[in-house]
1. Which ones in the stretch 173-202 are basic (Lys, Arg) and more than 21 Å from Arg76 (Cβ to Cβ)?
2. Could you name every one of the helices (runs of 4 or more DSSP H) located completely within the stretch 199-310 that has at least 2 residues being under 24 Å from Glu179 (Cβ atoms)?
3. Starting from the stretch 250-263, keep only residues that are on the phi > 0 side of the Ramachandran plot, then list their pairs with residues that are not in a helix (DSSP H, G or I) whose Cβ atoms are within a distance under 8 Å, requiring at least 6 positions of separation or different chains.
4. In the stretch 126-148, is there at least one residue being in a helix (DSSP H, G or I), at pLDDT 95 or above and open to solvent by 50 Å² or more (accessible area, probe 1.4 Å)?
5. Given Tyr264, Tyr270, which one is surrounded by 15 or more Cβ atoms within 10 Å (Cβ to Cβ), modelled with pLDDT of 95 or more and more than 19 Å from the chain's Cα centre (by Cα)?
6. Checking the conditions here, which among Arg175, Arg108, Arg171 is open to solvent by 40 Å² or more (accessible area, probe 1.4 Å) and touching a residue at least 24 places away in the same chain (Cβ under 8 Å)?
7. What are the residues in the stretch 187-237 that are more than 19 Å from the chain's Cα centre (by Cα) and small (Gly, Ala, Ser), if any?
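The values are calculated or read from the model by the stated rules, or taken from the named source; none is laboratory data. None of these values were measured; they are calculated from a predicted model. Reconstructed Cβ throughout: ideal geometry from the backbone, glycine too, with neighbour counts over all protein chains shown. For the accessible areas, the whole protein counts, side chains as well, though only heavy atoms, and no ligand, DNA or RNA atoms are used. Shrake-Rupley method; radii C 1.70, N 1.55, O 1.52, S 1.80 Å.
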Amino acid sequence: MRDATAGDPLRGLKWTKKTSRKLSRALKRRGYKVGPDTVRRLLQHRGYVLRANRKRLSRKHDPDRDRQMRYLTRQRRVFQKAGFPVISVDTKQRELIGNFKNPGRAWRQTSLAVLESDYPSDAQGVAIPYGIYDLTRDAGFVIVGTSHQTPEFAVAAIRRWWIKLGQGGYRRKKRLLIEADGGGANGSRCWLWKWELQQLADEFGLTITVTHLPTSASKWNPIEHRLFCHIEENWSGQPLISYETVLKFIRTTRTATGLRCRAYLDRTAYGTGYQVTAEQKAQINLKSHRVLPRWNYTIMPHKGARKTEK
């Protein structure tokens, strides 16, 4: 083991690149009759366990990260205590629709045959799942887009959630807290995202508060480990051959804690390259928070705006 062991001299962690079978053969050549199972027990006795890499380190560490995470947690507790809806939103990885290999394994008598290559030209289309996770009710809601990941698409998904679940589940509640990543279609510096949220606020008379996760902290977004990971597990090893297949796997996602998920298809062709004009920016009724205003703000409906009840 000495020649095959590496480690961290500061923390004392050790690992070996040899498998239990290779170690067993090496021991037999030295006159010890030891099988792979015994080798595994001996390794565990010395602190060796099969482990995978964990994404925990970051090259970028914003000095305000911890402060923002604490503020985000406080805002969540305040809204939930008052009975207001709190949702976590994000876009899941884009998926190719077709008979392509999907990572993971599933119990089968024979393996499924899939295409040798994953060329986008061989796909029937793309699926862009935008998720809304209700932290209070432990409920998922996913809109599967077919064109582009844009702020207009993101807010359209939130609007659909509010119509179908939000305003019915939170009657007479006119405040909404959105937890989102700092980049992408719902980025903290994206004015088109804020403009679309203003239209949503005016339409339903909603006061919308947004708290963004700091740089390199998207893995702590609740939707990642409370919804998306379970969806990936549900379709693990299953080719996503059609949009109906994608919707089926999302809708049948379940957990022991009671998670349920709805899914809908959005075939709208969302355009790209739109820019918010200076006049439109001036119309956004945005109030930045005193704590880290670049990540925390509230968008309020305009007085006299048409309120919609559906």
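1. Of all residues in the stretch 173-202, those basic (Lys, Arg) come to 173-175, 189, 194.
If the condition is that a residue be basic (Lys, Arg) and more than 21 Å from Arg76 (Cβ to Cβ), then Arg189 is the only one that fits.
2. Values: elements: 229-234, 243-251, 278-283.
Qualifying helices (runs of 4 or more DSSP H): 229-234, 243-251.
3. Gly258/Asp138
4. Here is the first cut: in the stretch 126-148, the ones in a helix (DSSP H, G or I) are none.
No, every residue in the stretch 126-148 fails to be in a helix (DSSP H, G or I), at pLDDT 95 or above and open to solvent by 50 Å² or more (accessible area, probe 1.4 Å).
5. Values: Tyr264 fails: more than 19 Å from the chain's Cα centre (by Cα).
It is Tyr270.
6. Values: Arg108 fails: touching a residue at least 24 places away in the same chain (Cβ under 8 Å); Arg171 fails: touching a residue at least 24 places away in the same chain (Cβ under 8 Å).
Sole residue among the options that is open to solvent by 40 Å² or more (accessible area, probe 1.4 Å) and touching a residue at least 24 places away in the same chain (Cβ under 8 Å): Arg175.
7. If the condition is that a residue be more than 19 Å from the chain's Cα centre (by Cα) and small (Gly, Ala, Ser), then Ala201, Gly205, Gly237 are the ones that fit.
Let's see how each residue does on (1) among the charged types (D, E, K, R); (2) touching a His at 6+ places or on another chain (Cβ under 6 Å); (3) at pLDDT 95 or above; (4) under 15 Å from Ile299 (Cβ atoms):
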| residue | (1), (2), (3), (4) |
| --- | --- |
| Ala156 | no, no, yes, no |
| Trp162 | no, no, yes, yes |
| Leu177 | no, no, yes, yes |
| Ser188 | no, yes, yes, yes |
| Phe204 | no, no, yes, yes |
